[in-house]
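Enquirer: Right, I'll just put the structure down here and ask away after.
The values are calculated or read from the model by the stated rules, or taken from the named source; none is laboratory data. Just so we're clear, the structure is a prediction, and the values are computed from it rather than from any experiment. Neighbour counts are summed over all protein chains in view; Cβ atoms, including those assigned to glycine, are modelled from backbone coordinates with ideal geometry. Keep in mind that these areas ignore ligands, DNA and RNA; they rest on the heavy atoms of the full protein, side chains included. Shrake-Rupley method; radii C 1.70, N 1.55, O 1.52, S 1.80 Å.
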Amino acid sequence: MTSTTQRAELQAKIWKIANDVRGSVDGWDFKQFVLGTLFYRFISENFTNYIEGGDESVNYANYPDKDISPEIKDDAVKTKGYFIYPSQLFVNVARTANTNPNLNTDLKAIFDAIESSANGYPSEPDIKGLFADFDTTSTRLGNTVESKNARLAAVLKGVEELNFGNFEDTQIDLFGDAYEFLISNYAANAGKSGGEFFTPQHVSKLIAQLAMHKQDKVNKIYDPAAGSGSLLLQAKKHFDKHIIEEGFFGQEVNHTTYNLARMNMFLHNINYDKFNIALGDTLRDPHFIDEKPFDAIVSNPPYSINWIGSDDPTLINDDRFAPAGVLAPKSKADFAFVLHALSYLSGKGRAAIVCFPGIFYRGGAEQKIRKYLVDHNFVETIISLPPNLFYGTSISVTILVLSKKKPDTKVQFIDASGEDFFKKVTNNNVLTDEHIEKIMGIFDSKTDVPHVALAVDHTKIAENDYNLSVSAYVQAKDNREKINIAALNEEIAATVEKINALRISIDAIVHEIEN
């Protein structure tokens, strides 16, 4: 079986399981149980693989818990970040799931034990609360213990049946793919709420390539609105794993999504000491101040959300916002995220940020922030994307690329919204690898392309009131039929002459009849 075929079969089966076991429960509400179970199986098998160390004579799942020494446990937590006793492994719990009357309480105890195994170790913040949203007592599972256990057993047995093959060869990739496939499907079916925590992979791929373009290595990569971690993980997928030297960093305000992001890191085999996902409001309670600057920043922050802004008088003196001399409007926090990212960006790095188009042409505080960005030569490129790329919104969003190492004072504008830059798939548009390659080629060359790309000096932008809309500089191609006015006038004149002659003939016939 080829990896492509295996992935397709796995994805079809796992989505069927996800739909079958949820019954009448909304898929969005039920996602934690399917995603959490997949994660539980992965860390169980990943941990088993670590303990056995490739020794086929060792079967960790059959070991008695009492035979595990404190030294073994200590070493394992220091290396993997957590510990799982043999009795707590997914394979052993799933085996008796259908007949275990205490399944829901047993699972809660196991999840609590896995999390607490990291207490006092460096991995504690990365492990703590991972299973918080896997509520085994939730009424979404049923109103009685029996119904809860039946639903939990169905999820466990369904995930148990999935064939991930040999762990060392393919399992890690397949687990990560399956997890992202589930997240993307949940997001697609959830509409707007799904789009708030997941950026489609094809868009993530473009953003990651923009941020890391021509950087042989980066110290670390950061997403100030991390969602489920999809943007960070695209950087790992499409570049050599050693290019990101110090790991992956992100902050997320939603607790459930924060847990999904941490699980996503583990499922893509990023060890606890190579990622740091923080929970909290990036604009009011920013983390990683001691970790900055970052050589690569990727982000798809929420569009035009409210924030405290000028209601907090201390923010105008915040190192992130003070240089611009003005705060983003309270009803539109977009530029607050942009300025935050800029302040975390290193002198050699790039930030690629998905933005709502309105921030590039509106007046007031947003115009003043654009002036600051342009006058200080931080804006490298602005790319207008096709409509209908994201879940929950059909608008044509824009990517803002920031850089502190520009060789000139020009801003590149790229109109990638036309039909040459996307493929329609069902109700959404998709950027194929060819489309991404085409955009990256234009971005890299910085050459002008009629009706597609134009490099504009900052003085012209200033003369245009710091309007940074792509449409203000890249003239759209006129696809209307060209008409030869002179020839058309001749045709009209000839037609009018024929009509006049016809009228004269008709008048003569009528006059003859009347006489």
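Enquirer: Scan (1) of a type outside the set (Gly, Ala, Ser); (2) under 14 Å from Ala324 (Cβ atoms); (3) open to solvent by 10 Å² or more (accessible area, probe 1.4 Å) for the single condition Asn388 breaks and write down its number.
Expert: Asn388 satisfies every listed condition except (2).
Residues checked against (1) touching a Gly at 6+ places or on another chain (Cβ under 8 Å); (2) outside any helix (DSSP H, G or I); (3) modelled with pLDDT of 95 or more:
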site	(1), (2), (3)
Pro301	no, yes, no
Pro313	no, yes, no
Pro323	no, no, yes
Val326	no, yes, yes
Phe337	no, no, yes
Leu342	no, no, yes
Ile353	no, yes, yes
Ile369	no, no, yes
Tyr372	yes, no, yes
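Enquirer: Also: Return the residue satisfying two criteria in turn: it lies in the stretch 120-164 and is under 30 Å from Thr79 (Cβ atoms) and among the polar types (S, T, N, Q), and of such residues it is surrounded by the fewest Cβ atoms within 10 Å (Cβ to Cβ).
Expert: Across the stretch 120-164, the extreme among qualifying residues is Asn163.
Enquirer: Please go through the stretch 56-72 and give me each residue that is open to solvent by less than 70 Å² (accessible area, probe 1.4 Å) and either among the charged types (D, E, K, R) or not in a loop (DSSP other than H, G, I, E, B) (or both), ordered by number.
Expert: If we filter the stretch 56-72 for residues that are open to solvent by less than 70 Å² (accessible area, probe 1.4 Å), which is where we start, we get 58, 60-61, 64-65, 68-69.
Passing the criteria: Tyr60, Ala61, Asp65.
Enquirer: Let me ask something else. Suppose we filter Thr426, Thr409, Thr459 for residues that are among the polar types (S, T, N, Q) and touching an Asp or Glu at 6+ places or on another chain (Cβ under 9 Å); which single one remains? Give the derivation first.
Expert: Numbers: Thr426 fails: touching an Asp or Glu at 6+ places or on another chain (Cβ under 9 Å); Thr459 fails: touching an Asp or Glu at 6+ places or on another chain (Cβ under 9 Å).
Going through Thr426, Thr409, Thr459 in turn, just one is among the polar types (S, T, N, Q) and touching an Asp or Glu at 6+ places or on another chain (Cβ under 9 Å): Thr409.
Enquirer: Would you mind stating whether Asp273 is open to solvent by less than 20 Å² (accessible area, probe 1.4 Å), touching a residue at least 12 places away in the same chain (Cβ under 8 Å) and not hydrophobic (A, V, I, L, M, F, W, C)? Show your work before the answer.
Expert: On the way: open to solvent by less than 20 Å² (accessible area, probe 1.4 Å): no; touching a residue at least 12 places away in the same chain (Cβ under 8 Å): yes; not hydrophobic (A, V, I, L, M, F, W, C): yes.
Answer is no for this residue.
Enquirer: At least 2 residues that are open to solvent by 90 Å² or more (accessible area, probe 1.4 Å) in each: list the strands (runs of 3 or more DSSP E) lying fully within the stretch 402-441 that qualify.
Expert: Numbers: elements: 410-415, 423-425, 428-430.
Once the strands (runs of 3 or more DSSP E) in the stretch 402-441 are filtered for at least 2 residues that are open to solvent by 90 Å² or more (accessible area, probe 1.4 Å), what remains is 423-425.
Enquirer: Another question, then. Return yes or no: is Phe167 at pLDDT below 75, closer than 16 Å to Leu232 by Cα and either surrounded by fewer than 20 Cβ atoms within 10 Å (Cβ to Cβ) or not polar (S, T, N, Q) (or both)? Don't jump to the end; show me each part of the working.
Expert: Details: at pLDDT below 75: yes; closer than 16 Å to Leu232 by Cα: no; either surrounded by fewer than 20 Cβ atoms within 10 Å (Cβ to Cβ) or not polar (S, T, N, Q) (or both): yes.
Criteria not met by Phe167.
Enquirer: Now a separate question. So in the stretch 59-80, with the set limited to residues that are charged (D, E, K, R) and touching a residue at least 12 places away in the same chain (Cβ under 8 Å), which one is farthest from Asp273 (Cα to Cα)?
Expert: For the stretch 59-80, the residue satisfying everything is Asp65.
Enquirer: While we're on this one: Considering only the stretch 113-151, how many residues are under 17 Å from Ser87 (Cβ atoms), in contact (Cβ under 8 Å) with a residue 12 or more places away in the chain and part of a helix (DSSP H, G or I)?
Expert: Qualifying residue count for the region: 3.
Enquirer: If you scan the stretch 218-256, which residues turn out to be open to solvent by 10 Å² or more (accessible area, probe 1.4 Å), in contact (Cβ under 8 Å) with a residue 60 or more places away in the chain and touching a strand residue (DSSP E or B) at 6+ places or on another chain (Cβ under 8 Å)?
Expert: In the first step, residues of the stretch 218-256 are kept if they are open to solvent by 10 Å² or more (accessible area, probe 1.4 Å); the result is 219-220, 225, 236-246, 248-249, 252-256.
Those still in the list that are in contact (Cβ under 8 Å) with a residue 60 or more places away in the chain too: 219-220, 225, 255-256.
Asn219, Lys220, Ala225, His255, listed by residue number.
Residue by residue, here is whether (1) over 23 Å from the mean Cα position of the chain (by Cα); (2) open to solvent by 70 Å² or more (accessible area, probe 1.4 Å); (3) among the hydroxyl-bearing types (Ser, Thr, Tyr) holds:
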site: His287; (1), (2), (3): no, no, no
site: Pro301; (1), (2), (3): no, no, no
site: Asn306; (1), (2), (3): no, yes, no
site: Gly309; (1), (2), (3): yes, no, no
site: Thr314; (1), (2), (3): yes, yes, yes
site: Asn317; (1), (2), (3): yes, yes, no
site: Arg320; (1), (2), (3): yes, no, no
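Enquirer: Separate question: Can you name the condition, by its number, that Lys424 falls short on among (1) farther than 22 Å from Asp295 by Cα; (2) touching a residue at least 60 places away in the same chain (Cβ under 8 Å); (3) out of contact with any helix residue (DSSP H, G or I) (no Cβ under 6 Å at 6 or more places or on another chain)?
Expert: Tallying (1) farther than 22 Å from Asp295 by Cα; (2) touching a residue at least 60 places away in the same chain (Cβ under 8 Å); (3) out of contact with any helix residue (DSSP H, G or I) (no Cβ under 6 Å at 6 or more places or on another chain), Lys424 fails exactly one: (2).
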